[in-house]
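The values are calculated or read from the model by the stated rules, or taken from the named source; none is laboratory data. On a predicted model such as this, the values are computed, not experimentally measured, just so you know. So basically every Cβ, Gly included, is an ideal-geometry build from the backbone, and we count neighbours across all protein chains shown.
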Amino acid sequence: MLNAGLIVSKKAREILGDDLLKDVFEQARLTYVAESGDFLLEDVRANELKALVMVNEGQREVWLEDIDQKAGISPLAILSLPSRWFLGKTRDYSLSLLVGYSRRAQLMDLTYRVQPVRSASVSRRSVLKLKVYEYRPYPVLFDEVRAEREINKAVELCPQGLVVKAPEGPSVSSPEKCSACGYCSGSSYLGYLEVPNATTEQVVHFINALVSGYRRPGSVLFTETANVDVPEGVFPFLVPCTASVHDSFVLATYSAGFTPLVYASSTCQTRELALKRLEEMPDRFPGTQLPVIKARSEEELRKALIMTFPELPRSVIPESVSLQRSRRRSLLVWAVEEMSRKVKLNEDDDVPGVYNVVVDPNKCVLCGVCVRACQMLVPDLTGGEELALSYNIPYCIGSQRCVKNCPENAVSVPGLAKIRDLTRKVMNRGKVIKCRFCGKPIGSEKVKGRVDSMLITQGFQGTAQYTDVCNECKQKMLTKIWVERLLGGKK
């Protein structure tokens, strides 16, 4: 985690109180907390801070100017909160919100992969200061990704065609042209292309801070604007654009015990994509009538903010979930499993983004081609005396590599998985054939039968007699035949 600090204005300090700020410092394990002043730049350098949470009245902080040059802090690693969010709020609310943002700030490491780009507009003042660049939160790769469907989908999603394939995964080819809407990230399956200042890990840690500190019914508001007045219990999570909000974020919010609220404001510069993302999001938690609240206007937001939120049992999201290979898919699966422990789910409901797989046991010969073809490791072939082909359905992203590569046309992906399908399914079983000489397992009896049939059809009856012999024994037999012929020729 990065060294992070909390800076508050004089008014914000009066609203929050020193005792609360001390608790934030200790609970979030911050490096530094102080009231804003001229001395801050020196303190920031001395404490080697790399991320900041600011609480003020929106005034211009002179000491923050050119902080990237003066202190090596990326402007994207600075989270600015209006002090009015804390006016009239309970201590638990203010503490939870500040701890949530503090933990989020400590996870801003991806912002340091973002390179500054040439400014679209240059003022006279910036020219005089030789500062003709800016920082945009264009999506960056979290880690190397091997799922071809994830890479292709990210490339296809960019409305400007700026996301391209790279050896390690998708990347933004021209950051200076990127609108930083985050739609490519928000609509992906796994979330390897992350918006650097609103990552999956930041969402998880933010929600967990609320779970630990706030016990009353509440909501997490995903929005790109800080210009909203939120009531007690509504915790804003600021994003560059609501187009970057993934399905797993809203579902995990519900399963953690908070109602998700997503607002696409009229001031959003990429509003069209934000509205498109809202349409794509599920309207309710799968298997329930719990709504995912979406606001497309200020009027809809006002109505949403005065709603009575349901009282749901709290759950801490395991922080290891989003670090697994499947990342956001793992988070989505956790959300469904956790919610099933709290309410009875309708098992006939579809699960967004998860695909079902069907294998015809009459065609499948247990050859294992689908196992080797799937980059998500969904199918698995195991066994001793008997082989079993299973599919871990919750992690299928519908790439259909198993369908395209199956030599027997035994696999199909009919559509989205239902809640009852979210399990590991055994698709086919078969006996293991063993070498008739040494007893070593060779493979599926069904594969042997299929190969025998093909050989006989092609006129190779003699070869078909040796399909139950392992390669080592075949080599020994051929060597013996070759030696006998060699010795016979000398006689």
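Please verify whether VAL351 is closer than 25 Å to GLN202 by Cα, not assigned by TED's automatic domain parsing to the domain that holds PHE142 and not hydroxyl-bearing (Ser, Thr, Tyr), treating the condition exactly as stated. Considered against the rule, which asks whether it is closer than 25 Å to GLN202 by Cα, not assigned by TED's automatic domain parsing to the domain that holds PHE142 and not hydroxyl-bearing (Ser, Thr, Tyr), VAL351 comes out as yes.
To keep it simple, each residue is scored yes or no on (1) more than 26 Å from VAL140 (Cα to Cα); (2) of a type outside the set (Lys, Arg).
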| residue | (1), (2) |
| --- | --- |
| ASP19 | yes, yes |
| ARG45 | yes, no |
| ALA51 | no, yes |
| MET54 | no, yes |
| ASP66 | no, yes |
| ILE78 | no, yes |
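Evaluate region 34-50: report whether one residue or more is under 26 Å from LYS89 (Cα atoms), under 31 Å from the mean Cα position of the chain (by Cα) and not in a helix (DSSP H, G or I). For region 34-50, residues under 26 Å from LYS89 (Cα atoms), under 31 Å from the mean Cα position of the chain (by Cα) and not in a helix (DSSP H, G or I): absent.
Conditions (1) of a type in the set (A, V, I, L, M); (2) in the same structural domain as LEU238 (by TED's automatic domain parsing); (3) touching a residue at least 24 places away in the same chain (Cβ under 8 Å), marked per residue:
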{"site": "LEU49", "(1), (2), (3)": "yes, no, yes"}
{"site": "LEU52", "(1), (2), (3)": "yes, no, yes"}
{"site": "GLU65", "(1), (2), (3)": "no, no, no"}
{"site": "ASP68", "(1), (2), (3)": "no, no, yes"}
{"site": "SER80", "(1), (2), (3)": "no, no, yes"}
{"site": "PHE86", "(1), (2), (3)": "no, no, yes"}
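Residue pairs whose Cβ atoms lie under 8 Å apart, separated by 6 or more positions or on different chains, with the first residue in region 16-27 and closer than 20 Å to ASN56 by Cβ and the second surrounded by fewer than 17 Cβ atoms within 10 Å (Cβ to Cβ) and at pLDDT 95 or above, are LEU20/ARG91. Only residues that are assigned to a helix (DSSP H, G or I) and either more than 19 Å from THR31 (Cβ to Cβ) or of a type in the set (A, V, I, L, M) (or both) were counted across region 52-74, and they come to 5. With a requirement of 2 or more residues that are aromatic (Phe, Trp, Tyr) and touching a residue at least 12 places away in the same chain (Cβ under 8 Å), the strands (runs of 3 or more DSSP E) lying completely within region 191-305 that satisfy it span 234-238. Answer yes or no: is there a residue in region 382-389 that is under 16 Å from TYR189 (Cα atoms), free of Cβ contacts under 8 Å to residues at least 60 places away in the same chain and in contact with a Cys (Cβ under 7 Å, 6 or more places away or on another chain). Within region 382-389, none of the residues are under 16 Å from TYR189 (Cα atoms), free of Cβ contacts under 8 Å to residues at least 60 places away in the same chain and in contact with a Cys (Cβ under 7 Å, 6 or more places away or on another chain). Checking every residue in region 449-460 against the condition of being surrounded by fewer than 16 Cβ atoms within 10 Å (Cβ to Cβ), under 24 Å from ASN152 (Cα atoms) and out of contact with any strand residue (DSSP E or B) (no Cβ under 7 Å at 6 or more places or on another chain) gives zero matches.
Out of CYS364, CYS370, one residue alone is in a loop (DSSP other than H, G, I, E, B), outside the structural domain of THR288 (by TED's automatic domain parsing) and buried (at least 16 other Cβ atoms within 10 Å of the Cβ). It is CYS364. Just so you know, in region 93-124 the residues that are surrounded by fewer than 17 Cβ atoms within 10 Å (Cβ to Cβ) and in a helix (DSSP H, G or I) include one that is modelled with the lowest pLDDT, and it is ARG124.
Residue count for region 174-190 under the criterion of being over 20 Å from LEU79 (Cβ atoms) and not in a loop (DSSP other than H, G, I, E, B): the result is 5. Looking only at region 433-450, filter to residues that are under 14 Å from GLY383 (Cα atoms) and among the aliphatic types (A, V, I, L, M); which one of those is farthest from the chain's Cα centre (by Cα)? Step by step, filter region 433-450, then rank; the result is ILE433. Residues in region 379-392 that are crowded, with 21+ Cβ neighbours inside 10 Å and either in contact with a Gly (Cβ under 7 Å, 6 or more places away or on another chain) or within 17 Å of PRO352 (Cα to Cα) (or both): 1 in all. Looking at the structure I just gave you, is VAL403 β-branched (Val, Ile, Thr) and modelled with pLDDT of 95 or more? So VAL403 fits the description; yes. Within region 5-59, the set of residues being out of contact with any Lys or Arg (no Cβ under 8 Å at 6 or more places or on another chain), farther than 18 Å from LEU107 by Cβ and hydroxyl-bearing (Ser, Thr, Tyr) comprises SER9 only. For region 406-443, which residues satisfy the criterion of being in contact with a helix residue (DSSP H, G or I) (Cβ under 9 Å, 6 or more places away or on another chain), of a type in the set (Gly, Ala, Ser) and assigned to a strand (DSSP E or B)? The answer is SER412, ALA417, GLY430.
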